[in-house]
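Only the coordinates and a few stated rules stand behind these numbers; no lab work does. Values in this document were obtained by computation on a predicted structure and should not be read as measured data. For neighbour counting, all protein chains shown are included, and Cβ atoms are generated from backbone atoms with ideal geometry for every residue, glycine included.
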């Protein structure tokens, strides 16, 4: 097998009632591909209902190093994302960060 230089992580959380995505999924998932050496998020996706919402979250995540923690990501979500899913997004980021930290140590 080829030695990949990235990790694939997924963070999950519950969606609030009354959301478009909630009628399709009960949970929100954020996936990221992370550089093994520096912890930088190279690519991401999430299960929000709209392409615009997915692209917005991707823009926030891309380029951040998980080695530096997630405070900047959480601040950007709290400040910029005004949709109903903000708390679910924050919980999913915390979940995937927990997996990153547990894998690294």
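Pairing the Cα long axis of helix 71-80 with the longest principal axis of the chain, what angle in degrees results, from 0 to 90 and rounded to the nearest 10? Long axis of 71-80 versus the principal axis of the chain: about 30 degrees. Once the Cα atoms are used to define both axes, helix 51-61 deviates from the longest principal axis of the chain by about 40 degrees. A protection proxy built from the mean count of other Cβ atoms within 10 Å ranks the segments 81-94, 33-46, most packed first, as 81-94, 33-46.
Across segment 6-104, the relative contact order, built from alpha-carbon pairs under 8 Å that are at least six residues apart, equals 32 percent.
Using just its DSSP H runs of length 4 or more, each adding -39500 (n - 2.57), the chain gives a mean residue ellipticity at 222 nm of -12000 deg cm²/dmol after division by all residues. Between residue 37 and residue 17, the contour length at 0.36 nm per residue exceeds the alpha carbon distance by 3.3 nm.
Its Cα gyration tensor gives segment 6-104 an equivalent ellipsoid. The semi-axes, each the square root of 5 times an eigenvalue, are 22, 13, 12 Å from largest down.
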